[in-house]
Amino acid sequence: QVQLVESGGGLVQAGGSLRLSCAASGSISSTNVMGWYRQAPEKQRELVALITSGGSTNYADSVKGRFTISRDNAKNTVYLHLQMNSLKPEDTAVYYCRYVGSNNYWGQGTQVTVSS
C-alpha cells in the first residue's frame, strides 16, 4: 500500500506562482514513476508532468517552460513537487498526484484556481 497526501493548492492571480507537494509513503518500489495530472470541470483528466525514480521528466506541451516537476527520495517516503509559474486561467483545475510502482495510486486532489 502507498499513501499519497497532497498540499499546496489555492487561489492565485494570472501570472502568479504556486507550488504543489505530494508525500508518498508506504511500500515504495525501487523503480517507480510519479506524476501530476489535472482535471478541469467537464473535461477529462490529463497529464501535466511525470518524473521517474531515475529523474527523467516529461511535460505536457501546455506547461513546458512554466512548470517544473521534482522529487526528493527519502527512506520509505518520496516527496513530489510541482512548481507552477506564469499561471494562466486555463490552468485552473483539480490537480492529482499519481504513483505507479507495483500498483497504481492516486492522491485526493488539490484545487488550483487562477483568476484573470
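The values are calculated or read from the model by the stated rules, or taken from the named source; none is laboratory data. Keep in mind that what you see is a predicted model, and the values were worked out from it rather than measured. Cβ coordinates were reconstructed from backbone atoms using ideal geometry, including for glycine residues, and neighbour counts include every protein chain displayed. Quick note on the areas: whole protein, heavy atoms, side chains included, nothing else; ligands and nucleic acids left out. Shrake-Rupley method; radii C 1.70, N 1.55, O 1.52, S 1.80 Å.
Right, A74: open to solvent by less than 80 Å² (accessible area, probe 1.4 Å), farther than 14 Å from L4 by Cα and over 12 Å from the mean Cα position of the chain (by Cα) or not? Considered against the rule, which asks whether it is open to solvent by less than 80 Å² (accessible area, probe 1.4 Å), farther than 14 Å from L4 by Cα and over 12 Å from the mean Cα position of the chain (by Cα), A74 comes out as yes.
Look through the range 30-42, keep the residues that are over 16 Å from T110 (Cα atoms) and open to solvent by 30 Å² or more (accessible area, probe 1.4 Å), and return whichever of them is nearest to the chain's Cα centre (by Cα). It comes out as V33. Taking every residue in the range 61-78 that is on the phi > 0 side of the Ramachandran plot and pairing it with any residue that is outside any strand (DSSP E or B), at least 6 positions away or on another chain, the pairs with Cβ-Cβ distances below 8 Å are N76/I28.
Among the residues of the range 80-105, what is the count of those that are part of a loop (DSSP other than H, G, I, E, B) and either open to solvent by less than 50 Å² (accessible area, probe 1.4 Å) or hydrophobic (A, V, I, L, M, F, W, C) (or both)? It would help to see each step written out before you state the result.
Applying the first criterion (part of a loop (DSSP other than H, G, I, E, B)) to the range 80-105 yields 85-88, 92, 101-103.
Narrowing the set further to residues that are either open to solvent by less than 50 Å² (accessible area, probe 1.4 Å) or hydrophobic (A, V, I, L, M, F, W, C) (or both) leaves 87, 92, 101.
Final tally of qualifying residues: 3.
Going residue by residue through the range 57-67, is there one that turns out to be among the small types (G, A, S), more than 15 Å from W106 (Cα to Cα), touching a strand residue (DSSP E or B) at 6+ places or on another chain (Cβ under 7 Å) and open to solvent by less than 30 Å² (accessible area, probe 1.4 Å)?
yes
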